[in-house]
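This report refers to the structure that appears directly beneath it.
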Amino acid sequence: MSTPATLEALLIEAQRLFSLNDFPAAQVVFEQALALRPNFPEVLNNLACALEAQGQYSAAQARLEQALECAPSFADARANLGRVLLRDGSPEAAKRQLALALETMPNHVASLHYLALSEKALGNYASAEAALSQAVNLNPLAPELRNNLGNVLAAQGKYVAAITHYTVALEREPHHPAAALNLANALSRQGQMDEAIERYDQALTLQPDLAEAQWGRALAYLQKGDLARGWEGYEWRFLFQQAYPHRYSKPYWNGELFAGKRLLIYDEIGYGDVFQFARYLPLVKARGGTVLFEVKPGLQSALRGLTGVDEWLERGSQPVEENRFDLHLPLESLPGVFGTTLDTIPSDVPYLFADDALRSKWRARIVPSADLKIGLVWAGNPDSAYDQARSCTLRDLAPLFEIPGCRFYSLQVGKAASDIHEAGFPLIPLGEDFGDFGDTAAAMSQLDLIITVETAAAHLAGALGKPTWVLLAHVPAWRWLLNRADSPWYPTLHLFRQTEAGAWPAVIAVLAQALEQYVKVTSK
């Protein structure tokens with residue numbers, strides 16, 4: 001007859017199983033220990049951790065609440081309860097529990113850590129930074145604290161400080177792929193592409209299937225102008241972002257001749273990407289077959305003049321029926337399919353053309369004048385994570401309105417269009433009345449010059465072949481490359497770059513000087 005296990009032996013065995021990540025077995029032994037001593041707070045806490053590790057958040061929460069009923073000042077259990085609530089998608093409830101833990105133990109590192117993660121999940125980055133900074137001061141060598149503080153700083157655009165913390169995290173734990181990836185991303189956002197690629201390589205050495213690192217490295221190569229290497233990793237985006245809502249079982253097109261077949265091309269990410277990569281559709285059509293092009297609502301009227309499309313589709317809530325096509329591919333994959341390099345970008349413009357009826361409509365709104373007619377766009381989509389860096393304010397553009405010989409028209413859409421009424425500048429509003437991008441294209445066709453931040457308007461203007469000046473963030477999107485004033489994608493564009501992050505006044509002053517000269521030259 002076997003000897004009954006003692007409580008001490010059961011706890012030793014449970015901890016051994018837990019350390020081996022055998023969480024189901026550890027759960028069983030912890031439950032056996034509770035049978036010997038019900039309401040044992042430490043065992044309830046450890047059992048909850050085993051349940052949490054198996055994704056059983058409700059059960060873990062119940063055990064932690066039981067532990068806290070027995071020991072209300074048990075800070076570790078309170079911190080774990082906060083973590084469980086956070087992982088279960090309840091950051092506000094987690095925040096309340098962690099605040100209670102810190103009332104009991106103000107320097108409890110775990111509570112500070114999870115409080116910061118809760119604040120970050122709620123978008124309270126300053127509060128998250130404060131909590132993590134306190135935790136790092138208490139435990140400066142903890143890699144996870146350093147890594148997460150770097151994440152919070154990066155989310156606020158504080159990349160230099162984030163780089164410092166990521167670097168410390170990697171020094172303490174060199175086999176930390178997430179820290180290497182995060183460091184690479186921060187270096188990339190600082191424009192340090194060679195250093196970023198080294199860190200992406202480090203992350204991929206540690207975890208070769210880390211899709212975010214493959215994708216980030218691809219973007220860094222693209223930004224450097226090494227398009228061939230960039231396209232190699234560009235397809236990794238499918239493994240961690242699902243920008244296109246539908247999935248198909250039909251094969252992907254790889255660029256082969258497809259005479260007698262039907263090929264579905266669909267836009268995937270942003271509006272600007274559609275205008276940029278639509279240039280490839282005539283090349284697709286040249287390889288035979290029938291081309292179906294599916295785009296988001298609001299785009300067809302701006303694209304109708306495009307050649308190479310046999311059938312237009314508008315994206316809806318349902319996928320395209322698979323009996324309508326034989327092959328498919330996202331629009332954003334076409335540059336890679338065609339092996340595009342800087343020297344082979346199909347850059348003949350215009351390749352988009354404004355609708356004649358819409359041109360007539362907007363011609364009536366743009367009064368003939370000897371002044372230079374200039375369209376302005378100062379803000380992108382505010383829902384974009386990148387918008388804070390790329391968008392300026394209308395007031396930032398104030399120096400332009402002091403230049404004689406100019407008449408300004410607002411092409412701005414969305415919430416930022418209402419800035420016109422507060423700023424009081426001599427700016428004629430058009431964008432407020434745009435129904436879709438067809439109206440934008442038609443209005444642009446009646447203007448002499450477009451001045452815009454790096455949003456869809458820049459791509460549309462470039463595709464229309466309009467003279468366009470683009471205000472760029474210090475480190476813009478990859479397609480604008482680095483350290484050049486022209487764009488190989490759009491011959492009629494001129495780029496004005498920030499010399500440091502957020503420094504709009506300096507770059508706008510340079511643009512204003514250029515505009516004064518442009519007015520003098522064009523008025524002769």
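Mind listing just one residue for me: the one in segment 345-370 that is within 17 Å of Pro429 (Cβ to Cβ) and either surrounded by 18 or more Cβ atoms within 10 Å (Cβ to Cβ) or touching a strand residue (DSSP E or B) at 6+ places or on another chain (Cβ under 9 Å) (or both) and, of those, modelled with the lowest pLDDT?
Once the filter is applied, the top-ranked residue is Val367.
Farther than 24 Å from Asp383 by Cα, surrounded by fewer than 20 Cβ atoms within 10 Å (Cβ to Cβ) and among the hydroxyl-bearing types (Ser, Thr, Tyr): does that describe Thr499? Explain how you work it out, then say what you get.
Working: farther than 24 Å from Asp383 by Cα: yes; surrounded by fewer than 20 Cβ atoms within 10 Å (Cβ to Cβ): yes; among the hydroxyl-bearing types (Ser, Thr, Tyr): yes.
Here the answer is yes, as Thr499 does meet what is asked.
Considering only segment 277-298, I want to know if a residue exists there that is charged (D, E, K, R) and over 29 Å from Trp478 (Cβ atoms). Explain how you work it out, then say what you get.
Going through segment 277-298, the residues charged (D, E, K, R) turn out to be 279, 285, 287, 294, 296.
Those left that are additionally over 29 Å from Trp478 (Cβ atoms): none.
No - not one qualifying residue is present in segment 277-298.
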Handout entry: Residue within segment 31-40 that is assigned to a helix (DSSP H, G or I) and either aromatic (Phe, Trp, Tyr) or at pLDDT 95 or above (or both) present
Key = no
Completion exercise
Scanning segment 431-452 for residues that are in contact with a Lys or Arg (Cβ under 8 Å, 6 or more places away or on another chain), under 19 Å from Cys392 (Cβ atoms) and surrounded by 24 or more Cβ atoms within 10 Å (Cβ to Cβ) gives Ile450
Exercise for the section: Could you list all residues from segment 41-58 that are in a helix (DSSP H, G or I) and farther than 18 Å from Asp76 by Cβ? Expected result: Ser58
Exercise for the section: Can you confirm whether segment 2-10 contains a residue that is closer than 30 Å to Asn107 by Cβ and in a helix (DSSP H, G or I)? Expected result: no
Practice task
State whether one or more residues within segment 124-132 are closer than 27 Å to Ser58 by Cα, out of contact with any Asp or Glu (no Cβ under 7 Å at 6 or more places or on another chain) and modelled with pLDDT under 95.
Solution key: no
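It is to be established whether one or more residues within segment 307-315 are surrounded by fewer than 21 Cβ atoms within 10 Å (Cβ to Cβ), among the β-branched types (Val, Ile, Thr) and more than 17 Å from the chain's Cα centre (by Cα).
Residues of segment 307-315 surrounded by fewer than 21 Cβ atoms within 10 Å (Cβ to Cβ): 307-308, 310-315.
Then drop every residue that is not among the β-branched types (Val, Ile, Thr), which leaves 307.
Now restrict to residues that are more than 17 Å from the chain's Cα centre (by Cα): 307.
Yes, that holds for at least one residue.
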Exercise for the section: Residue by residue through segment 16-44, note down the ones that are open to solvent by less than 40 Å² (accessible area, probe 1.4 Å), closer than 19 Å to Cys70 by Cβ and of a type outside the set (A, V, I, L, M). Expected result: Phe30, Phe40, Pro41
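With the requirement that a residue be among the small types (Gly, Ala, Ser) and open to solvent by 10 Å² or more (accessible area, probe 1.4 Å), what does segment 407-422 give you?
Result: Gly414, Ala416, Ser418.
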Exercise for the section: Quick one: count up the residues across segment 280-304 that are open to solvent by 10 Å² or more (accessible area, probe 1.4 Å) and in contact with a helix residue (DSSP H, G or I) (Cβ under 9 Å, 6 or more places away or on another chain). Expected result: 6
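Among Leu47, Leu141, Leu112, Leu81, which is open to solvent by 40 Å² or more (accessible area, probe 1.4 Å) and either hydrophobic (A, V, I, L, M, F, W, C) or farther than 18 Å from Ala14 by Cα (or both)?
It is Leu141.
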Practice task
Return yes or no: is Leu471 modelled with pLDDT of 95 or more, in contact with an Asp or Glu (Cβ under 9 Å, 6 or more places away or on another chain), more than 23 Å from Ala357 (Cβ to Cβ) and not in a loop (DSSP other than H, G, I, E, B)?
Solution key: yes
Practice task
Could you check, for segment 67-74, whether at least one of its residues is assigned to a helix (DSSP H, G or I), without any contact (Cβ under 8 Å) to a residue 60 or more places away in the chain, open to solvent by less than 50 Å² (accessible area, probe 1.4 Å) and under 27 Å from Glu119 (Cβ atoms)?
Solution key: yes
Practice task
Identify, by number, the condition in (1) open to solvent by less than 40 Å² (accessible area, probe 1.4 Å); (2) touching an Asp or Glu at 6+ places or on another chain (Cβ under 9 Å) that Thr522 doesn't meet.
Solution key: (1)
Completion exercise
Filtering segment 467-481 down to residues that are in contact with a Leu (Cβ under 7 Å, 6 or more places away or on another chain) and either free of Cβ contacts under 8 Å to residues at least 40 places away in the same chain or within 18 Å of Asp273 (Cβ to Cβ) (or both) yields Pro467, Thr468, Val470, Leu472, Trp478, Trp480
Practice task
Take the residues in segment 198-225 that are of a type in the set (Gly, Ala, Ser) and surrounded by fewer than 21 Cβ atoms within 10 Å (Cβ to Cβ), then tell me which one is farthest from the chain's Cα centre (by Cα).
Solution key: Gly225
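At negative phi, part of a helix (DSSP H, G or I), among the small types (Gly, Ala, Ser) and surrounded by fewer than 18 Cβ atoms within 10 Å (Cβ to Cβ): is that true of Ala228 in this structure? It would help to see each step written out before you state the result.
Working: at negative phi: yes; part of a helix (DSSP H, G or I): yes; among the small types (Gly, Ala, Ser): yes; surrounded by fewer than 18 Cβ atoms within 10 Å (Cβ to Cβ): yes.
So Ala228 passes the test.
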Practice task
Evaluate the following for Ala456: is it under 18 Å from Ala379 (Cα atoms), open to solvent by 10 Å² or more (accessible area, probe 1.4 Å), at pLDDT 95 or above and touching a Phe, Trp or Tyr at 6+ places or on another chain (Cβ under 9 Å)?
Solution key: yes
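The values are calculated or read from the model by the stated rules, or taken from the named source; none is laboratory data. Worth saying up front: this structure is predicted, and the values here are computed from it rather than measured. With ideal geometry, Cβ positions are generated from the backbone for all residues, glycine too; neighbour counts draw on all protein chains shown. Ligands, DNA and RNA are excluded from the accessible area calculation, which covers all protein heavy atoms including side chains. Shrake-Rupley method; radii C 1.70, N 1.55, O 1.52, S 1.80 Å.
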